[in-house]
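Presented below is the structure to which this report refers.
The values are calculated or read from the model by the stated rules, or taken from the named source; none is laboratory data. Here the structure is a predicted model, which means the values were calculated and not measured. Here the Cβ positions follow ideal geometry from the backbone for every residue, glycine too, while neighbour counts run over all protein chains shown. The area values use the complete protein model at the heavy-atom level, side chains included, leaving out ligands, DNA and RNA. Shrake-Rupley method; radii C 1.70, N 1.55, O 1.52, S 1.80 Å.
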Amino acid sequence: MTSTTSDQKAVSCPLMTKPQRQRLVSKDGRSLMQGNAPGYRETWFGALRDMWGTWLALRWRWVVLAFCGSFLLHWLLFAVLWYLLARVNGDLDVPNHDSPPPGHVLCVKHVNGFTAAFSFALETQLTIGYGTMYPNADCPTAIALLALQMLLGLMLEAFITGAFVAKFSRPQKRCGGILFSPHAVVCEVRGQRCLMFRVCNLLPRPLVDVCVSTILYEERDDHELHQTAMDFTIDNLGSRPCPLFLSPLTFYHPITPSSPLNNTPTSQSHFELVVFLTASQESTGSGYHKRTSYLPDEIQYGSCFARVTSGRNKSESMRYFDTQPCPLTLPNTHTADALEKEHVVVQINGEGSDRVE
């Protein structure tokens, strides 16, 4: 009975103690959480209602497979229709299409089998020239079927071409040169204890209007997922966006008594800090979006980032994320009321908490 109850809690709350290693967001920004799994029927209906979003969410291997499969199905469908038209019209019984019987109007010349019908459907769609096969203007059904194939074919080509362009131009896929530090650190900066992370820009083009927003997802003893916004700043810019992305940028969050990190209630809680970065390209204005997350065991307590002044490739830029010891000498409090508290709890490394008396 206890095991069943525990399993039910684990399903209802993704950040429970037992499955707490499961992330909401991976280090490279992919969402790892799934909603309540619907039935098979509901899944397919949802995909059809949002076909564009479903297409863009597919991996490239499935996109290429869908690209090839959709055209093959389109050609096969109209090959069947052209074959049926030839059979109904009696064209398959004509031995020589160059000399049809008197009074017999051919719909498509030299379509005398399914292979010829498939070839005709392929040539029609790709407009590569009919050669000896061509539709007869005296057969209205053939002209109508030709118009239908061209209309549906153009719609299919427009959809697939647009989807390919959209997948290539997705903001999150252009951000391979934007790197987050693997770890966040807690150290003292200008007399304040701060939580910090660092971002590098290795893209060959400058980025402007860099904004960062962070959400602290925290599971408390009530087994509910609480969301709290956290403010990070760069030096003296405050909440304003950074006008130019010069690598590296270090973002600070002062751990004051009002900070959400000071309200982590007990060692049983678990949290994940999700970071969202948005920027624009200076020359085109196109958007860039990148995100990552930090678990408690990815926050180094009593460390700071090393100062590095060179390095533009990925291997050298990782030195930007090197850390070094930074002893904490100040209490994690800033007011007399806070000093009267019994202790302040900061959960680090996923193993209980470090208490500052």
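Working with all protein chains in place, sort Glu219, Glu123 by solvent-accessible area computed with a 1.4 Å probe, largest first.
Glu123, Glu219
Express in Å², to the nearest 10, the accessible area of Phe67 obtained by rolling a 1.4 Å probe over the protein heavy atoms while all chains stay in place.
The accessible area of Phe67 comes to roughly 80 Å².
So how far apart, in nm, are the two label points at Thr161 and Asp322 if each is 7 Å from Cα heading toward Cβ?
5.2
Determine the dipole magnitude for region 47-169: charges of +1 sit on the beta-carbon of Lys and Arg, -1 on that of Asp and Glu, nothing else is charged, the reference point is the Cα centre, and the result goes in debye to the nearest 20. Could the numbers behind the result be given before it?
Values: 6 positive and 7 negative charges, 120 e Å.
So the dipole magnitude of region 47-169 works out to roughly 580 debye.
How high is the FRET efficiency between Phe114 and Leu32 when r is their beta carbon distance and R₀ equals 41 Å, given to the nearest 0.05?
0.25
Expressed as a whole number of Å, what is the distance separating the alpha-carbon centroids of region 184-243 and region 58-83?
A separation of 46 Å, based on Cα centres.
Classify region 76-205 as rounded, prolate or oblate from the Cα gyration tensor: take a ≥ b ≥ c as the square roots of its eigenvalues, call it rounded if a/c is under 1.5, otherwise prolate when a/b beats b/c and oblate if not.
Because a/c hits 1.5 or more and a/b exceeds b/c, region 76-205 counts as prolate.
Kindly state, to the nearest 0.05, the FRET efficiency for Ile128 paired with Met51, given R0 = 30 Å and r defined as their beta-carbon distance.
Details: r = 29 Å, r/R0 = 0.97.
With a Förster radius of 30 Å, E is 0.55.
How far apart, in nm, are two points set 7 Å out from the Cα along the Cα-to-Cβ line at Ser286 and at Arg240?
If labels sit at Ser286 and Arg240, their model points lie 2.9 nm apart.
Determine how large the accessible area of Ile215 is when every protein chain is in place; take a 1.4 Å probe and give Å² rounded to the nearest 10.
40
Name all residues of region 77-100 having a backbone nitrogen under 12 Å from the label point set 7 Å from the Cα of Asp138 along its Cα→Cβ direction, giving them as ranges.
Inside the label zone: 99-100.
Using a basic spin-label model with each label point 7 Å from the Cα along Cα→Cβ, how many nm lie between Val64 and Thr233?
5.0
Taking a ≥ b ≥ c as the square roots of the Cα gyration tensor eigenvalues, with a/c under 1.5 meaning rounded and otherwise prolate when a/b beats b/c, else oblate, which class fits region 180-223?
oblate
From Cα pairs below 8 angstrom and at least 6 apart in sequence, can you work out the relative contact order of region 47-169, rounded to a whole percent?
On the way: 102 pairs, mean separation 30.2, N = 123.
Dividing the mean separation by the residue count of region 47-169 yields 25 percent.
Which loop trypsin sites (Lys or Arg not before Pro) in region 103-199, with loop taken from DSSP, have no more than 15 other Cβ atoms within 10 angstrom of their Cβ?
In loop regions of region 103-199 (DSSP not H, G, I, E or B), the sparsely surrounded trypsin sites (Lys or Arg not before Pro) are Arg190.
Identify, among Ser280, Ser303, Ser239, the residue whose Cα sits farthest towards the positive end of the charge dipole of region 178-325, taking +1 on the Cβ of Lys and Arg and -1 on the Cβ of Asp and Glu, with the dipole about the Cα centre.
Ser280
Given +1 on the Cβ of Lys and Arg, -1 on the Cβ of Asp and Glu, and no further charges, what dipole in debye does region 115-218 carry about its Cα centre, rounded to the nearest 20?
I would put it at about 740 debye.
Amide H neighbours of Cys326 under 5 Å, at least 5 residues apart or on other chains, H built in the peptide plane: list them.
Answer set, sorted by chain and number: Ser303, Cys304.
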